[in-house]
1. Sort out which residues of the range 252-268 are surrounded by fewer than 19 Cβ atoms within 10 Å (Cβ to Cβ), within 11 Å of the ligand (Cβ to nearest atom) and of a type outside the set (Lys, Arg), and write them in order of number.
2. Any residue in the range 234-251 that's under 11 Å from ALA205 (Cβ atoms): show its pairings with residues that are among the charged types (D, E, K, R) at Cβ separation under 7 Å, as long as the two are six or more apart or on different chains.
3. Here are some conditions: (1) surrounded by 19 or more Cβ atoms within 10 Å (Cβ to Cβ); (2) not in a loop (DSSP other than H, G, I, E, B). ALA232 meets all but one. Which one does it not meet?
4. Out of (1) of a type in the set (S, T, N, Q); (2) within 20 Å of the chain's Cα centre (by Cα); (3) buried (at least 18 other Cβ atoms within 10 Å of the Cβ), the odd one out for THR92 is which?
5. Quick check on my filter: what residues within the range 134-176 are among the charged types (D, E, K, R) and in contact (Cβ under 8 Å) with a residue 60 or more places away in the chain?
6. Out of curiosity, is GLU172 among the acidic types (Asp, Glu), at pLDDT 95 or above and over 21 Å from THR72 (Cβ atoms)?
7. Filter the range 309-319 for residues that are within 10 Å of the ligand (Cβ to nearest atom) and small (Gly, Ala, Ser); which is farthest from SER268 (Cα to Cα)?
8. Does ARG242 meet the test of being part of a helix (DSSP H, G or I), more than 22 Å from GLY283 (Cα to Cα) and not aliphatic (A, V, I, L, M)?
Amino acid sequence: MSTPAGWAPTDRRRSSVRWDVVVVGSTNVDLVLTVARHPRPGETLIGGSGELFAGGKGANQAVAAARLGARTAMVGAVGGDPNAAVALSELTAADVDLEAMARVPGPTGLAVVTLADDGENTIVVVPGANAAVTPAVVEAARAVVGGARICLLQAEIPLEAVTRAAAIAAAEDVRVVLNLAPACQLPIATLRLADPLVVNEHEVALLLGWLRAEDGPSPAPAVTGGTPATHAEALAAARALRAYGVRSVVVTLGRLGAVGIGADGEWSLPARTVPVRDTTGAGDAFVGALAAALAAGHPLADAAATATGVAAFSVQRLGAQASYPWKDDPLP
Ligand code: ADP
């Protein structure tokens, strides 16, 4: 990741920074089954292929950041089963530091994905060892979190652990990037630590619904409450989140691109037009790349432009982690 001209780290923790990005999150294996169509309840179908891939939103994002050259560490847990080796394979290959990964009895997190010919997929996730990533595990990794420029979080581990990681990062002057995926209800105080909060169009609609119910209507006008389908609607939703006190917001919109709002103002970016093969993990490619670029000192809008290229690279290839670009791969 290139460093912008004239940028130099100025944070007071300069000497203690060991990592560009520390991810506190999930590590799974994805069992991907291809089917002509999805089975109906009670029905048995013969599938096409069945393959195991390294997955989990946390690990996906760590691999995306590390492949771009960010010094990356991961805090999480795998089980004692043979799937653990698969779950860690791409992290290891990308040189992600795994010292703070716990090994716990029982199964590694498992996602069963059925991919149908029409491109629709269904996913069932069994948390397995990810459920063992408790606040105590995060607390034990305080030095790792405190030694990073960016603490990157998702919501596939117990939510109290996400909240604790954000609090530790904030206390240690580490920038929090929070990808609220899957959508969940975190305390508003945690959302306000995110800089940025990254959500897709469905997550932002759910989140605004919960905030409206709990904290009253957003002071920002013109939010209809539905799932945003245009850049203008997504920007209105992002403004509404800012009005609840979130510092900066990125809303991703799949093939429509992404919009954002932060201290530097508002921006919107179209997605790159590329031949699409498999969009699995595109959101994680985007978020991991965003964190890597922010750690390198880029402003949010520039980081999102890089992330857009990285995500477009990934949708042209099969799988999640295996589809992410390395530092010198040309981006679309
Ligand atoms: P999520 O998987 O979290 O819902 P999105 O689908 O919003 O994430 O995708 C994240 C980013 O990936 C988008 O902002 C866009 O830049 C890129 N992307 C997704 N789908 C496509 C596509 N079909 N073509 C090009 N880029 C895409």
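The values are calculated or read from the model by the stated rules, or taken from the named source; none is laboratory data. Note that the structure is predicted; figures quoted are calculated from it, not measured. Cβ coordinates were reconstructed from backbone atoms using ideal geometry, including for glycine residues, and neighbour counts include every protein chain displayed.
1. GLY254, LEU256
2. Pairs found: ALA234/GLU201; VAL251/GLU201.
3. In the conditions (1) surrounded by 19 or more Cβ atoms within 10 Å (Cβ to Cβ); (2) not in a loop (DSSP other than H, G, I, E, B), ALA232 misses (1) alone.
4. With respect to (1) of a type in the set (S, T, N, Q); (2) within 20 Å of the chain's Cα centre (by Cα); (3) buried (at least 18 other Cβ atoms within 10 Å of the Cβ), THR92 is out only on (3).
5. ARG149, GLU156, GLU172, ASP173, ARG175 - these are the residues of the range 134-176 that are among the charged types (D, E, K, R) and in contact (Cβ under 8 Å) with a residue 60 or more places away in the chain.
6. no
7. Top of the filtered list is SER314.
8. In short, no.
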